[in-house]
Amino acid sequence: MAAKRDYYEVLGVTKTSSLDEIKNQYRKLALKFHPDRNQSADAAEHFKEISEAYAVLSDSEKKQTYDQHGHAGVDGRYSSEDIFGRGGGGFNDIFESIFGRGGGGFSQQQQRGSDILYQTTVTLEDVLHGKKMEIDLQKQIKCDNCQGSGCKPGTNKRTCTSCNGQGEVRQTRNMGFASFVTAAPCPTCRGQGSMIEIPCSNCKGQGRVKGTKKVDFEIPPGIDTGDYIVSNEGNEIPDGINGDLVIRVKIQPHIYFKRDGKDIFYDQDISMIDAALGCDLRVPTLQGEEKIKVESGSQPNTIIKLKGKGVSHINSRGTGDQYVRVVVNVPKKLNKQQKNLLNEFKETSD
């Protein structure tokens, strides 16, 4: 007979590990080696070994005895029933946290309809003001003929006799130290707890059909390229949870402006004469035209800020600004008179 391994080695903890650390480590190992999840030949033996180690190390009295005398002290003082039968470190609570109610691998949950993806393009003006949208969405909707029951009108579902309406069947197993209950979906009703005797002719017992539904939603001001969720507007599912509508938004490039977060950028062309002498200009913004002053002697790429003429952003407060970059155009061709004037300017400025 092989010698027992050290309990601390079995769980991968130390003598100074807290009870929470011991419990968390056991939870991980129980999830890994439980025979309902691990089909290897030695899984059951590993599971029994880590459970015995946990039952001792999670009990302060047993742990003290083990620390002083090792396996000989525990085996000589406690029977298997003593180790596992007096609370056993809260096995039931741990198994429920891992496997769900009853300690088994099955937990009946509401079904959820699938999500639907809808793609749309919006303008920079929509980013500024927001946009209300109404679309005709092709989706799975509740069958009007049977009101989602899946049954022929005038008939009802009957309770599954295999599971008595529980939707699961249970099996009690002896794991060597305690009775352990596992649960699995009922194969007769497929975990539903009830069965349709006469299916609806319209939906063939599914409770839902393909249809069209008008869906209203609002694209908020400050939106950015990305995915946004309209809850519960995806495919419907009887007695379950509707999926979501995923709105995939793309911001359309603007002919004049570029956006960076809340700020708007615009390039304004001016002549080198206007840059030198200065001038007053009217430039476009998303809210309309604004007057700007270009100071005399302005250099290429000078930036003029229009406060509050940007957009909002859904992830931050306030409104951004518009930045006008002065682009100085140098003429590529000059006539003789223009050349003479520039040469005269050059001579007088030396």
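The values are calculated or read from the model by the stated rules, or taken from the named source; none is laboratory data. Values in this document were obtained by computation on a predicted structure and should not be read as measured data. Quick reminder, even Gly has a Cβ in these numbers, built from the backbone with ideal geometry, and neighbours come from all protein chains shown.
A few comments on the model shown:
- Residue tally, condition part of a strand (DSSP E or B) and in contact (Cβ under 8 Å) with a residue 40 or more places away in the chain, over segment 110-163: 22
- Set F99, F106: member being touching a Pro at 6+ places or on another chain (Cβ under 7 Å) and at pLDDT below 85: F106
- Of residues in segment 140-161 being farther than 21 Å from Q111 by Cα and hydroxyl-bearing (S, T, Y), the one modelled with the highest pLDDT: T155
Conditions (1) over 30 Å from A184 (Cβ atoms); (2) assigned to a helix (DSSP H, G or I); (3) modelled with pLDDT under 80; (4) not charged (D, E, K, R), marked per residue:
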{"residue": "E9", "(1), (2), (3), (4)": "yes, yes, no, no"}
{"residue": "T14", "(1), (2), (3), (4)": "yes, no, no, yes"}
{"residue": "Q39", "(1), (2), (3), (4)": "no, no, yes, yes"}
{"residue": "Q68", "(1), (2), (3), (4)": "yes, yes, no, yes"}
{"residue": "V74", "(1), (2), (3), (4)": "yes, yes, yes, yes"}
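- Meets criteria (modelled with pLDDT under 65, more than 30 Å from K258 (Cβ to Cβ) and either in a helix (DSSP H, G or I) or hydroxyl-bearing (S, T, Y) (or both)) for D82: yes
- Test: residue in segment 231-247 that is surrounded by fewer than 11 Cβ atoms within 10 Å (Cβ to Cβ) and not hydrophobic (A, V, I, L, M, F, W, C): yes
- Whichever residue in segment 310-346 is over 19 Å from K293 (Cα atoms) and among the basic types (K, R) and, among such residues, is nearest to the chain's Cα centre (by Cα): R317
Residue-by-condition table, conditions (1) in contact with a Lys or Arg (Cβ under 7 Å, 6 or more places away or on another chain); (2) modelled with pLDDT under 95; (3) surrounded by 17 or more Cβ atoms within 10 Å (Cβ to Cβ):
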| position | (1), (2), (3) |
| --- | --- |
| K258 | no, no, no |
| D274 | no, yes, yes |
| T285 | yes, no, yes |
| G288 | no, yes, no |
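- When the residues of segment 174-204 are filtered to those that are modelled with pLDDT of 80 or more and on the phi > 0 side of the Ramachandran plot, the one that is farthest from the chain's Cα centre (by Cα) is K204.
- Of the strands (runs of 3 or more DSSP E) entirely within segment 181-254, those holding at least 1 residues that are of a type in the set (S, T, Y) occupy 194-196, 208-219, 226-230.
- Scanning segment 54-66 for residues that are small (G, A, S), assigned to a helix (DSSP H, G or I) and surrounded by 14 or more Cβ atoms within 10 Å (Cβ to Cβ) gives a single hit, A55.
- The number of residues in segment 1-42 being farther than 26 Å from E61 by Cα, exposed (fewer than 13 other Cβ atoms within 10 Å of the Cβ) and polar (S, T, N, Q) comes to 2.
- Test: residue in segment 271-289 that is of a type in the set (A, V, I, L, M) and free of Cβ contacts under 8 Å to residues at least 12 places away in the same chain: yes
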